[in-house]
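So the structure is just underneath, and the comments pick up after that.
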There are 2 protein chains.
Amino acid sequence: MTAHHRRSADSATAGDSAARDEAAFLAAYDPHAFPAMAVTVDIVALTLRGGALHILLVERGGPPFQGAWALPGGFVRAGQESLDEAAARELAEETGLDAALLERVHLEQLGSYGDPGRDPRMPVVTVAYLAFAPDLPEARGGGDASAAAWVPVADLESGAEAERGAEPDAARPRPQEQGPGYGIDGGDSVPRPASLPLAFDHPRIVADALDRARAKIEYTPLATAFLAEEFTIVELRGVYESIWGSPLHAGNFHRKVLSVPGFVEPTGTTAARGGARGGPRARLYRAGAARLLHPALLRPAAPQSATSEPRDTGKSKKVSGNVSGVKV
Amino acid sequence: MTAHHRRSADSATAGDSAARDEAAFLAAYDPHAFPAMAVTVDIVALTLRGGALHILLVERGGPPFQGAWALPGGFVRAGQESLDEAAARELAEETGLDAALLERVHLEQLGSYGDPGRDPRMPVVTVAYLAFAPDLPEARGGGDASAAAWVPVADLESGAEAERGAEPDAARPRPQEQGPGYGIDGGDSVPRPASLPLAFDHPRIVADALDRARAKIEYTPLATAFLAEEFTIVELRGVYESIWGSPLHAGNFHRKVLSVPGFVEPTGTTAARGGARGGPRARLYRAGAARLLHPALLRPAAPQSATSEPRDTGKSKKVSGNVSGVKV
DNA sequence: CGAATAGTGTCTATCAGACAGTATGAA
DNA sequence: TTCATACTGTCTGATAGACACTATTCG
């Protein structure tokens, strides 16, 4: 990490190795001796609206990829903020949330992307972040002309109507109540590239983010980050079904959640109403203290194709072997 | 991500929004309109030597942190290589391996670190990588004066004798055959910062890498990356015991490994000799085709402290909430 | 031979999933 | 009253872990 390497930096002070005073070294130090490139953060912010998984996107106002959708993000303020801080700042700017609501958002680093040519203008490394948010008010955009909107994730992965327009949320048939909320990508777990025209390499970042999200709610209680402070087990099941894209057995899910220590804790109260067409009032729960689920809530096994190769979080490859399609 | 943001870039061509020709846009484009910072890759390369987990480190030849150990790494060649390629290149340079051996190394991205002040010279973002390697020949160093060596991970996490010297592998009591190889950090899963003086924020990177490694071998067959092409079940168990730091039940482990489809496949041959002090010749196996283990080989449950909070891979936090000690 | 080791059989507690059953409350 | 719904009971198959046992081979 950093610049501890014998190349440019240390060789610049090569004959100077006896200088024990690091302060003096740093005072005489020339930061421009290092190669530099642009560093940005990009946020894959997910939320549930009307039982369907949505992602926060912005519309590009200028080239390249003018008119296409892109992940919200921006430059890291070098030397002034950490990567985590930059991501939190960008998310706040883009959503227009106040501190109270942002408090409930889960934000974690997803990975970095730096292929040459991923931005046609110049070399850029982006550090992608993944955010889980409860249902938020409409995005306000960054304050200038660019539009920010919550877009159904299904529109990104369902190939079809993506081509025609890609207008903000309001301009398309909102899947507000489209029956059960599950069905992100039909359930097959092989990550497909997004088909709605996303700028840059954002399709891959989104695909990686969804993989991570699907895996993360297996062994952490982060599914609760999509819900209000108090929620019912049925609502929690809806989160899993929306993100995994497949229905779960109501009874078994209920018992399983209650059996995992620290996952949820009862509030003692019940929902104001029963189900839409009758039924008892569901009990309300809060998120528990556990940071990890033991035992985990494993996804229903994907229809495995002999040699399993379903979910995987994080890119990986064999070094210098053109294995698995990654050129080295 | 990238530089799709309304700040410097797009505003530089603000009145120009009718310019549909992206080629023309890019020709007239000034890359220096973007803020830039240094980007490096750092490698946490792990291997097993004599039943103990080792990490590849280099000794710093100049300030800052002169004389301290650091992770091998270097600058990303902006625009010329991907992050993965940069990591593979640095690993090859540092280990002096030829392509044939590098072929067997597993390399994956770990995460990025960019706190302000992590390098006293200037702002640097590093993209950390995690590598699993079979027992490799002695590191050769980068070709110049800096020393590169495989250091027992126990020396980093065991507080004690770390202070006194931190010489390369040969200069200290080699734990070549120190009984069973398990015992990285005594078994408690709370990640402690490394105590051998590592430069920069490398202690945290190493801690994150070990967490990732311990989790990764649970649900992937990557433990085989630490072994030769053909191996016995007992050797495979040694990998798990060394990385998890606790002994496993030999019989149950044996049956479990063979029951996971695609984990290992028999070669039909047996080892040349039986155990050191007698016993049948063990059968030899190759790595199978599976990329994920189904079901997974879960770690023995850590002695949980009521509200479990053991293993966790990947940094995470609540936005703008000073929760979990991460300052925002 | 004696002892250590590779590998297997068996028992038990736990867990996931299927199914059925009960009580509640909106229409 | 009807019927969808929240929640619980029970059974079955799979799995993890503990223990015992056999067979092999080095010293």
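Brief remarks on what is shown
- Only one of the numbered conditions (1) part of a helix (DSSP H, G or I); (2) free of Cβ contacts under 8 Å to residues at least 24 places away in the same chain is violated by B:E218, and that is (2).
- Pairs, first under 19 Å from A:K216 (Cα atoms) in segment A:279-298, second away from DNA strand C (no atom under 16 Å from the Cβ) and basic (K, R), C-beta under 7 Å, six or more apart: A:L292/B:R311
- Here is the figure for segment A:87-125: residues that are under 16 Å from A:G73 (Cβ atoms) and assigned to a strand (DSSP E or B) total 9.
- B:A282 out of contact with any helix residue (DSSP H, G or I) (no Cβ under 9 Å at 6 or more places or on another chain) and either near DNA strand D (Cβ under 9 Å from one of its atoms) or farther than 18 Å from B:T47 by Cβ (or both): no
- Of the set (1) over 19 Å from B:L83 (Cα atoms); (2) at the interface with another protein chain (Cβ under 8 Å from one of its Cβ atoms); (3) crowded, with 17+ Cβ neighbours inside 10 Å, all apply to B:P116 but (3).
- The residue that is nearest to the chain's Cα centre (by Cα), among those in segment B:223-234 that are within 16 Å of DNA strand D (Cβ to nearest atom) and part of a helix (DSSP H, G or I), is B:A223.
- Hits in segment A:245-266 - residues which are away from DNA strand C (no atom under 11 Å from the Cβ) and under 27 Å from A:H54 (Cβ atoms): A:G245, A:F263, A:V264
- Residue in segment B:238-250 that is assigned to a loop (DSSP other than H, G, I, E, B), free of Cβ contacts under 8 Å to residues at least 60 places away in the same chain and in contact with a strand residue (DSSP E or B) (Cβ under 6 Å, 6 or more places away or on another chain) present: no
- Positions within segment B:254-279 being more than 13 Å from DNA strand D (Cβ to nearest atom) and over 29 Å from the mean Cα position of the chain (by Cα), in sequence order: B:T267, B:G268
- B:P261 being within 19 Å of B:L292 (Cα to Cα) and assigned to a loop (DSSP other than H, G, I, E, B): yes
- Residue match in segment A:43-59 (condition: charged (D, E, K, R) and at the interface with chain B (Cβ under 9 Å from one of its Cβ atoms)): no
- Taking the criterion of being touching a residue at least 40 places away in the same chain (Cβ under 8 Å) and assigned to a strand (DSSP E or B), the residues of segment B:65-86 that qualify are B:W69, B:A70, B:G73.
- Selection count where residues are more than 7 Å from every other protein chain (Cβ to nearest Cβ) and at pLDDT 95 or above, scope segment A:91-112: 1
- Scanning segment B:223-244 for residues that are of a type in the set (D, E, K, R) and either more than 13 Å from DNA strand C (Cβ to nearest atom) or more than 22 Å from B:A301 (Cβ to Cβ) (or both) gives B:E229, B:E230, B:E235.
- Filter result for A:G251 (at pLDDT 95 or above, within 16 Å of DNA strand D (Cβ to nearest atom), surrounded by fewer than 18 Cβ atoms within 10 Å (Cβ to Cβ) and not charged (D, E, K, R)): yes
- Any hit, segment A:119-136, residues being at the interface with chain B (Cβ under 7 Å from one of its Cβ atoms), surrounded by fewer than 19 Cβ atoms within 10 Å (Cβ to Cβ), of a type outside the set (V, I, T) and within 20 Å of B:L83 (Cα to Cα): yes
- Filter result for B:A207 (in contact with a Pro (Cβ under 7 Å, 6 or more places away or on another chain), of a type in the set (A, V, I, L, M) and assigned to a helix (DSSP H, G or I)): yes
The values are calculated or read from the model by the stated rules, or taken from the named source; none is laboratory data. Since the structure is predicted, the reported quantities are computational estimates derived from the model, not experimental observations. Note: ideal-geometry Cβ built from the backbone for every residue, glycine included; neighbour counts use all protein chains shown.
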